[in-house]
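In what follows, a structure is listed as structure tokens, so that the remarks can point back to it.
The values are calculated or read from the model by the stated rules, or taken from the named source; none is laboratory data. Note that the structure is a prediction, hence the values are computed from the model and not measured. We place every Cβ from the backbone using ideal geometry, glycine too, and count neighbours over all the protein chains shown.
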Amino acid sequence: MLSLIFLKFVSDRFEKRHHELVGEGKEAYVDMVEFYTMRNVFYLPEGSRWSTIVKLAKQNDIAVRIDSALHAVEKNNPSLKGAPTGQLLFADGQRRGQTGGADRQHQQHQHDC
């Protein structure tokens, strides 16, 4: 659940910055990571934006899409490298879409013990 809240939060900030760039006549820069990170905003590729996630919410593979979105956010924003971005737990009790370095480290630690 925290992963979805995180994705919504960073998407809202991204959209605000995107609109600022357009409003400043800088449409040519809306897909340049630097124009977001210079204002401490994470850059989000199209598939990681909340509006895209919402459009795909009824798809059977939404968990995979959210996982991919979180990985893309991490990939495009080096400051998130290794950060725990969460994992999705479904009604059937199965964990799907494990993401983030901390989760991988936790799994490795459990394996080593």
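Quick notes on this structure:
- Unique residue being touching a helix residue (DSSP H, G or I) at 6+ places or on another chain (Cβ under 7 Å), touching a residue at least 12 places away in the same chain (Cβ under 8 Å) and basic (Lys, Arg) when the list is ARG39, ARG13: ARG39
- Options HIS109, HIS19: the member that is at pLDDT below 90 and exposed (fewer than 14 other Cβ atoms within 10 Å of the Cβ): HIS109
- Some residue of the range 40-51 being part of a helix (DSSP H, G or I) and farther than 18 Å from LYS75 by Cα: yes
- A count restricted to the range 22-39 and to residues that are surrounded by 11 or more Cβ atoms within 10 Å (Cβ to Cβ), not in a helix (DSSP H, G or I) and not aliphatic (A, V, I, L, M) stands at 3.
- Annotation note: Cβ proximity below 8 Å between a residue of the range 18-36 that is more than 17 Å from ALA72 (Cβ to Cβ) and a residue that is part of a helix (DSSP H, G or I) and of a type in the set (Ser, Thr, Tyr) (sequence gap 6+ or interchain) occurs for LEU21/TYR29; PHE35/TYR29.
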